[in-house]
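Following: one structure in structure tokens, then a few remarks.
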Amino acid sequence: MSDNGGAKMMFRLLRSPGVTVDNVFHFPREGRVQGIFAALLFRRGQNVSSTSLAAAIWSDPPVSADANVRTYIAKLRRFLADISPELHERLATVHGGYRFDILDGELDLARSNELWNEGRRAMSRSDFRGAVEALQSASALWAETPGQDVAAQGWLDHRFAMLREQRFALAEDLAAARIASGDGLSAVAGLPEIDDPNLAREKSAALMLVACYRAGNLPAALRIFAAARATLRREFGVDPGSWLQTLHHAALRRDDALLFSDQLLVSLSRDAEPRPQHSNLTARVA
């Protein structure tokens with residue numbers, strides 16, 4: 001959260017689009033105004049055309065889209081001005097559209113990614129408690145379902161869908177760090193339930209299998225694999241990938257050397273940069 005003229009400020013995309021000033025959260029009450037604000041925050045510092053803003057809040061923009069966008073921009077300006085004159089000045093009119101300027105450290109999404117990278121670096125050097133601390137701080141910035149109440153269509157709806165995938169990936173990395181640090185079954189509390197379609201995310205299934213095995217509950221570990229396999233076959237017509245099958249076979253053999261290996265959990269978080277997963281099929285442990 002940045003400190004501008006004594007006021008602490010953070011713009012929000014990971015909750016309802018809005019801004020926190022001095023620990024007070026403000027957000028536009030009208031859904032399409034929220035959508036316009038979110039679109040400008042996603043493209044912060046860039047000139048965004050009226051056409052692009054219309055495509056963010058309508059799948060099929062009406063004939064009156066340009067006029068409607070101007071109305072929503074005027075409402076957004078009033079919303080910002082009511083908070084502070086300085087905020088009002090951040091929203092600039094440019095040729096053919098608008099631009100919203102924010103400073104370094106003022107966007108929750110950017111801050112979350114910084115903490116996420118910090119957590120992954122800690123995991124890579126086996127500093128599991130440091131990883132947990134950073135990843136928990138990153139997770140605390142997120143709502144359960146980003147963009148849930150926003151009037152979003154087109155490219156804006158896609159961006160929020162990517163954020164929801166990213167939230168799952170962050171939860172998986174946090175679970176890996178917590179398992180490695182010895183937190184037991186509570187480490188996977190934020191992952192999908194055993195009958196959840198998101199078990200098609202094989203990384204989540206792998207983490208739950210490992211957590212159950214380490215807790216001494218082999219039957220639960222085997223049920224996790226069976227549920228994931230059933231979901232993958234039902235939803236996509238495929239079997240689990242080689243990594244999840246390897247963990248399943250290790251559990252059947254009671255291979256403690258693999259399933260209690262910290263390096264196994266490091267490998268589950270080894271991607272260099274946080275990135276959203278665009279489909280469940282790309283979530284395979286690799």
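The values are calculated or read from the model by the stated rules, or taken from the named source; none is laboratory data. Since the model is a prediction, treat every value here as computed from it, not as a measurement. Every residue, glycine as well, gets a Cβ built from its backbone with ideal geometry; the counts of neighbours run over all protein chains shown. Just so you know, the surface numbers come from the protein's heavy atoms only, side chains and all, with ligands and any DNA or RNA stripped out. Shrake-Rupley method; radii C 1.70, N 1.55, O 1.52, S 1.80 Å.
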Legend entry - Single match in Arg284, Arg214, Arg223, Arg275 (criterion: surrounded by 15 or more Cβ atoms within 10 Å (Cβ to Cβ) and modelled with pLDDT under 90): Arg284
Inset, instruction - Determine whether Ser59 is among the hydroxyl-bearing types (Ser, Thr, Tyr), within 18 Å of Trp155 (Cβ to Cβ) and open to solvent by 60 Å² or more (accessible area, probe 1.4 Å). - result: yes
Inset, instruction - Mind telling me which of the residues Ala134, Ala138, Ala122, Ala200 ends up being at negative phi, touching an Asp or Glu at 6+ places or on another chain (Cβ under 6 Å), open to solvent by less than 10 Å² (accessible area, probe 1.4 Å) and at pLDDT 95 or above? - result: Ala134
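Residues checked against (1) part of a helix (DSSP H, G or I); (2) out of contact with any helix residue (DSSP H, G or I) (no Cβ under 7 Å at 6 or more places or on another chain):
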{"residue": "Leu87", "(1), (2)": "yes, no"}
{"residue": "Ala92", "(1), (2)": "no, yes"}
{"residue": "Ser112", "(1), (2)": "yes, no"}
{"residue": "Arg129", "(1), (2)": "yes, yes"}
{"residue": "Gln148", "(1), (2)": "no, yes"}
Inset, instruction - Would you check if Thr71 is over 30 Å from Lys8 (Cα atoms) and β-branched (Val, Ile, Thr)? - result: no
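It is to be established whether one or more residues within the range 34-52 are farther than 22 Å from Gly147 by Cβ, of a type in the set (A, V, I, L, M, F, W, C) and in a helix (DSSP H, G or I).
No: zero hits.
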Inset, instruction - Please work out if Asp104 is assigned to a loop (DSSP other than H, G, I, E, B), open to solvent by 20 Å² or more (accessible area, probe 1.4 Å) and of a type in the set (Asp, Glu). - result: yes
Inset, instruction - Within the range 6-32, work out how many residues are buried (at least 16 other Cβ atoms within 10 Å of the Cβ), closer than 17 Å to His88 by Cα and touching a residue at least 60 places away in the same chain (Cβ under 8 Å). - result: 7
Inset, instruction - Output yes when any residue across the range 93-103 is of a type in the set (A, V, I, L, M, F, W, C) and free of Cβ contacts under 8 Å to residues at least 24 places away in the same chain, and no when none is. - result: no
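Quick grid of which residues meet (1) of a type in the set (Ser, Thr, Tyr); (2) under 16 Å from Lys203 (Cβ atoms):
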site: Ser126; (1), (2): yes, no
site: Arg129; (1), (2): no, no
site: Ala134; (1), (2): no, no
site: Pro146; (1), (2): no, no
site: Gln153; (1), (2): no, no
site: Phe160; (1), (2): no, no
site: Arg164; (1), (2): no, yes
site: Arg167; (1), (2): no, yes
site: Glu172; (1), (2): no, yes
Legend entry - Pairs where the first residue, in the range 33-59, is more than 13 Å from Phe79 (Cβ to Cβ) and touching a residue at least 12 places away in the same chain (Cβ under 8 Å) and the second is of a type in the set (D, E, K, R) and open to solvent by 10 Å² or more (accessible area, probe 1.4 Å), C-beta under 6 Å, 6+ apart: Phe42/Arg159; Gly45/Asp101; Asn47/Arg99; Ser50/Asp66; Ile57/Arg32
Legend entry - Residues satisfying the stated conditions in the range 162-197, i.e. modelled with pLDDT under 90 and crowded, with 24+ Cβ neighbours inside 10 Å: Ala187, Val188
